[in-house]
Amino acid sequence: LENDKREAEGFFNEISTDDGKTIPSDKLADLLQRAIGDDHTVNDDGKNMVLNHLGKKQGSEPPHENLQLPKDDVVEAIGKYRYFLTHADKIERLFAEFDKNHNNILEKAELKKAMQAIEDREHSGTNARVVFGMETRVRVTDEDVDYIMELCDESGDG
């Protein structure tokens, strides 16, 4: 993880025009592509996901144009983007299964069903939670979903 951070900082410094303090938002796609290498291609969805995250941190309203993006925020966002790429297939399968109205947004009820399905799949059979010799099940609550939404719904659209 520390090596990834140093590598991302190195790419950042190469693109920055103010001694490694910031990069202009129009250079973000170039930086992301360098950070993820040739195994993946940065598409508009990926770039916009990262730009929305960074713009929100600055208090900017979409579209996030002509921003100067600070190094620490960009390096953090690159880590999140790399994580997204390593889990993209799983995320796509979840959306295919639970985004019932096909709007590319997991709304609260859909997210709750997805979270419960993940919980049930990952903690059953040989992976079941056993307490005092009894298999236990955890039920996802509305409060659990609210917490996840608070952490992850950066665009505020569900």
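The values are calculated or read from the model by the stated rules, or taken from the named source; none is laboratory data. Since we're looking at a predicted model, the values are computed, not measured. FYI the Cβ positions are ideal-geometry reconstructions off the backbone, even for glycines, and counts take in every protein chain you see. Surface accessibility is based on the protein's heavy atoms, side chains included, excluding ligands, DNA and RNA. Shrake-Rupley method; radii C 1.70, N 1.55, O 1.52, S 1.80 Å.
Under 17 Å of direct C-alpha separation, and excluding same-chain neighbours fewer than eight residues apart, residue 80 reaches these lysines: 5, 47, 56, 57, 71, 90. If you fit an axis through the alpha-carbon atoms of helix 44-57 and take the longest principal axis of the Cα set of the chain, what angle between them do you get, 0 to 90°, nearest 10? Approximately 80 degrees, to the nearest ten.
Here r is the Cβ-Cβ distance between residue 104 and residue 58 and R0 is 25 Å; the resulting FRET efficiency, rounded to 0.05, is 0.50. Which of rounded, prolate, oblate describes segment 56-117, given a ≥ b ≥ c as roots of the alpha-carbon gyration tensor eigenvalues and a/c under 1.5 marking rounded, otherwise prolate only if a/b is larger than b/c? Because a/c hits 1.5 or more and a/b exceeds b/c, segment 56-117 counts as prolate.
Please report the carbon-and-sulfur percent of the accessible area for the chain; probe 1.4 Å, protein heavy atoms only, DNA, RNA and ligands left out.
Values: 5260 of 10550 Å².
That fraction is 50 percent.
Rounded to the nearest 10 degrees, the inclination of helix 108-122 to the longest alpha-carbon principal axis of the chain is 70 degrees. Taking only the Cα atoms of segment 1-93, the ratio Rg/Rh comes out at 0.95, with Rh defined as the Kirkwood radius.
Could you work out how much longer the chain between residue 27 and residue 3 gets when fully extended? Use 0.36 nm per residue separation minus the Cα distance between them, nm to one decimal. Walk me through the numbers before you get to the answer.
On the way: separation 24, 0.36 × 24 = 8.64 nm, distance 2.24 nm.
Contour length minus the Cα-Cα distance gives 6.4 nm.
Annotation for residue 137 and residue 150: the two label points, set 7 Å from Cα along the Cα-Cβ direction, are 2.7 nm apart. Helical content of the chain, expressed as a calculated mean residue ellipticity at 222 nm, amounts to -18000 deg cm²/dmol (DSSP H runs of 4 or more residues, -39,500 (n - 2.57) each, divided by residue number, nearest 500). Accessible surface for the chain, divided over its residues, is 67 Å² per residue with a 1.4 Å probe. For residue 113, the aspartates and glutamates whose Cα comes closer than 12 Å to its Cα, not counting residues fewer than 8 places off in the same chain, are 97, 99, 142, 144. Angle of helix 2-15 to the longest C-alpha principal axis of the chain, folded into 0 to 90 degrees and rounded to 10: 30°. Working note: Cα atoms of segment 81-158, range along each principal axis, descending, whole Å: 43, 27, 24. In this simple spin-label model, placing a label point 7 Å from the Cα along the Cα-to-Cβ direction at both residue 121 and residue 85 gives a separation of 2.3 nm.
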